[in-house]
Amino acid sequence: MQQGTLMRKVKSKSWKKQRYFKLQEDCMTIWYQSKRTGKTESAFSISDVETVREGHQSEVLQSVAEEFPPERCFTIVFYGRRGNLDLVAGSAEEAQCWVQGLRQLIEPRSFSLTFALVSCTWIRDWFQKADKNKDGRMNFKEVQRLLKMMNVDMNEDHALRLFQDADKSESGTLEGEEFVLFYKALTQREEVLSLFQEFSEDGKKLTLLELVDFLREEQLEDEGTEELAMELIDKYEPSETARARHVLSADGFLMYLCSLEGSIFNPQHRVLWQDMSQPLCHYFISSSHNTYLIEDQIRGHSSIEGYIRALKRGCRCLEVDCWDGPNGEPIVYHGHTFTSKIPFREVVSTLGKYAFKVRHPSPVLKGAGHAGLQQCRISGDKAWCWVAQGASLSLTPQELKHKILLKGKKIGRLEDTLDGPGDEVPDVSDDDNGAEAEEERRRAKVRGTQHGSALQKDKETLAQALSDCVIYCKNVPFRGFQEARSHSRPSEISSLSEAKARKLIRDEGNEFVRHNAWQLTRIYPSGMRTDSSNYSPQEMWNVGCQIVALNFQTAGTEMDLCDGLFSQNGCCGYVLKPPFMRDKETLFNPSDPSSREGPGPITLTIQVISGQQLPKVANSKEGAIIDPLVRVEIYGVPADQAHQETKYIENNGFNPRWDETLQFQIHVPELALIRFVVEDYDKTSRNDFVGQFTLAFANIKPGYRHIHLLSKDGTSIPPSSLFVHIRITE
C-alpha cells in the first residue's frame, strides 16, 4: 500500500484538486492533505468504507472520462449517506495499488477474526483519542477523559483501582499491553461470566458435555448438538491447548455469544432458505419508489447512486422515469419537477453492472417511462436484451433468474404476445398519476394535425415495439376486486396509492388478501410526500401486497422494517408469503386474527440483560454521557401492534445493565416484525436515537443472544450490541 500518494480528488468536471493521500501506521485510517498548503483536510476509517469501484463507475468520473482513462480512476464508497470519494491516480499501477490494498483491508473475514479485529481496533482508536500529548502513554487524568469519551461515568476510586492494577511497571502511566489490561478489566462481562459458571463445574471451563447441555437447555439447539459444540470450540476457543482438550474457556464462550451463531438472527435464514419456485405473486418483493432520487421529490438530486444503493440493499423493483432529452438522448428524472436529470444510457449501464450482484440472481422488475418515438426505441432495444421471453403465465423467481421484467402499458394480452401480435389499443388510464396521461393528451393537441397520419403511424409502430417488451407486468387500472376476478389475468399488475390501499384494507381486507394471492399489486407513496418520507409498509404486507414501493433514500422506522423483512433468504429481495396468503380462497383478514388458519397466539418473552459500548448521540456536547433505554416494538396485524420499554440507566452507555423482562402475545407471528431500539432518555424533550435492529419473527433464534445494533442509515456500528434472553411459547 502506498504511504503517501499524490492523486486528484474530483468533485465535478471543473473541480479537480490534487491531494496527498496516506495510509496511517495503524492500517485503519487514511488521511489526505492539500498539495498547496500541506494542511490535512480530512481523514476516514477503513471501517467506514463499504466498497471500492474501479474505472468510471460514478457520474463524476464519467463526466471526466475523456480526460482521464478508466484504469487510473476509482471510487471509494462509504457506508450510510456520506458522499463518495472520486479519485484519479497518477498511473494505472498506482490506482491498482490503492484499489487492491483497500479491498484487502475491507474484505469480509470470518466472524471470529472480525470480532477480534474490531476489538483491537476499538482499543487502539480509544487510546489514540485519549492520548492528548501523543507520547504513547496515558496518565490517570487522560484515563478519566477517556472514560467520558467512552460513555462511562465511573466512580473515581474504582477507576483509579483499575488503573493501578493495570500499571504493572508502576510508572504512573499506561502504555501498550498495560492499556490492553485496563481495557479488558473495564469490559469484564459479569453477566456472561455468571452464565458461564452456571454450566461450568469448576468455573474455569466448559467441557464438551457441559457445552452440549447449555446448547440444548438454553439455546434450544435440538439437532446435531454434539457436532455443533465441537464446531464452536474449534472456531471460537482462542487457546490451542483448550481446543485440543475439547473445552471452551470463558473467553471462547464470550466469542461464541458475540458471533453469528450467537446472534438473535437465525444464521440458517441468512442464506437462501425459501422455495423460489412459486409464482411471483406469492412473494413480498423489495421495491423502491423513484429509485433515481437521493433527496426530495421536487428539487432533489437524481443519480445512478440511487440505483446502485438500492440494488446492493436487495431491492428488486426499480423505477426508471424516462423522458425526452436533448440531442435525441432520453433522460431520467421526476417529470414536471425541478429534480436533476441523468442520461438513460447511464441507468441502463448501471443496471447491467449491478442488477444481479446478489447471492441469488432473482429477477428485477423495472417501470418504464414517457420518452418519445426515437428515444424510446433506444430504451426498448436496451431493455429487450434482458427481458424474459416465451415464458409461461405463472413465472417464478427461479425461472426468471438473471432476467429483467418491464412493467408498463401493453397492446393486447400476454397470450397474444406469446402467440403473435394483439390488436387492442393501448390503455392510458393506468398511470400512477392521472396528470401524466392528461399531459400527454395536452401535448398531442398542441402538436396539431398537420402530420396527423404520419405521427399516428409512428406512434402505433412505437407502441407495438414498446408493448412487445412488456411480457409479464402489464399495467391495468384497478376497478374493484370483482372486476379484476372477471377480466384481469395473473400477468397483469395494478398500482394503488397508499390512501387507496388503506381504504381497501379497511373496507375489503379479505378480498384484498385473495386478490394478492393470484395477481401483483404495487403500492406507491402519496404525492404529498414531497420530502421523500415513507408510509408504513407493514399494513400493506398484512394484506399480501407484493410491491410496496418506499423511498430508499430516507432513513427511519419504515426502511428499518423493509430491511428487517428482506435481510433473510440470502438478501435476494424475495420473501415467500405465508401459506394462508397464497390461497385464493383464504378466509384471512388482518383485522380479525382468528381468521388465520393454524395454531393460536404465541407468547414472546424477552429479557433485556445488558448493552455494550453504545455509541454517543450525534452532535452531543463534549463529555455528555447517554442515559440508555431499550424499547421493543412489534409490527404486524393491528392486534399485534405493541411496544414496551425498559427503565433508563443513568450515565452509562458503555456497559448498562437492565435485567428487565418484556412480554408480548402475538396472534399472527408469520407477519410480525420485531424492532429493538436503543434511545438516550431525555426528560425535557424527545429521546434521541442511538441504534436499532429489526428482524422478522420467523428469523428469531431463542436463548441467550446478542443483537448487533445498526445506525439510522441501517449500517453496522460495531461493537455496539444488546445482550438478551429470548423465549417463545405457545
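The values are calculated or read from the model by the stated rules, or taken from the named source; none is laboratory data. Computed from a predicted model, the values in this text were never measured in an experiment. Methodologically, a virtual Cβ is constructed for each residue, glycine included, from the backbone with ideal geometry; neighbour enumeration extends over all protein chains shown. These accessible areas exclude ligands, DNA and RNA; they are computed on the full protein's heavy atoms, side chains included. Shrake-Rupley method; radii C 1.70, N 1.55, O 1.52, S 1.80 Å.
Multiplying the residue separation of SER277 and LYS13 by 0.36 nm and removing their Cα-Cα distance gives an extension gain of 90.3 nm. In segment 599-729, the portion of solvent-accessible area held by carbon and sulfur atoms comes to 46 percent [1.4 Å probe, whole percent, DNA, RNA and ligands not counted]. In the context of the full set of protein chains, residues of segment 5-106 present 48 Å² of accessible surface per residue (probe radius 1.4 Å, heavy atoms only). A simple count of charges around LEU710, restricted to other residues whose Cβ falls under 9 Å of its Cβ and scoring Lys, Arg +1 and Asp, Glu -1, yields -2. Split the accessible area of segment 190-262 by element, probe 1.4 Å, and carbon with sulfur accounts for 46%. A Förster distance of 51 Å, applied to the separation of the beta-carbon atoms of SER169 and GLU399, puts the FRET efficiency at 0.15. Taking a 24 Å limit on the Cα-Cα distance, which of the listed pairs LYS366/LYS712; LYS129/LYS616; LYS141/LYS683 fall beyond it? Going by Cα-Cα distance, LYS366/LYS712; LYS141/LYS683 fall outside the 24 Å limit. Stretched out straight at 0.36 nm per residue, the stretch from ASP592 to ARG727 would grow longer than its current Cα-Cα span by 46.0 nm.
Straight-line cross-link partners of LYS204 among the lysines, defined as a Cα under 29 Å from its Cα and at least 8 positions apart when in the same chain: LYS168, LYS184, LYS235, LYS701.
Sorting TYR648, TYR635 by solvent-accessible area of protein heavy atoms yields TYR648, TYR635, largest first, with a 1.4 Å probe. Listed peptides 157-166, 86-95 appear in the order 86-95, 157-166 once ranked by packing, highest mean of other Cβ atoms within 10 Å at the front.
Within the assembled protein chains, the solvent-accessible surface assigned to ASP213 is about 70 Å², based on a 1.4 Å probe. When you work out D = kT/(6 pi eta Rh) for segment 190-262 at 20 °C and 1.002 mPa s, using the Kirkwood radius from C-alpha pairs as Rh and the Stokes-Einstein form, the result is 180 µm²/s.
Highest-first packing order for the peptide set 182-195, 687-700 is 687-700, 182-195, based on the mean count of other beta carbon atoms within 10 Å. In a fully extended conformation the segment linking GLU329 and SER45 would gain 98.2 nm over its present Cα-Cα distance, using 0.36 nm per residue. Solvent-accessible area per residue in segment 641-696 equals 47 Å², computed with a 1.4 angstrom probe and all protein chains kept.
Heavy-atom accessible area for VAL543, with the other protein chains in place and a 1.4 Å probe, reaches approximately 0 Å². Highest average first, the peptides 399-407, 579-587 ordered by how many other beta carbon atoms sit within 10 Å of their residues are 399-407, 579-587. Exposure check, 1.4 Å probe, all protein chains in place: GLU498 carries approximately 10 Å² of accessible surface. Compactness of segment 599-729, taken as the C-alpha radius of gyration over 2.2 N^0.38 Å, stands at 1.05.
With a Förster radius of 22 Å applied to the beta-carbon distance between ASP507 and MET528, the computed FRET efficiency rounds to 0.50.
Determine, from the Cβ-Cβ distance of MET230 and SER620 and an R0 of 30 Å, the FRET efficiency 1/(1 + (r/R0)^6), rounded to the nearest 0.05. Calculated value: 0.05.
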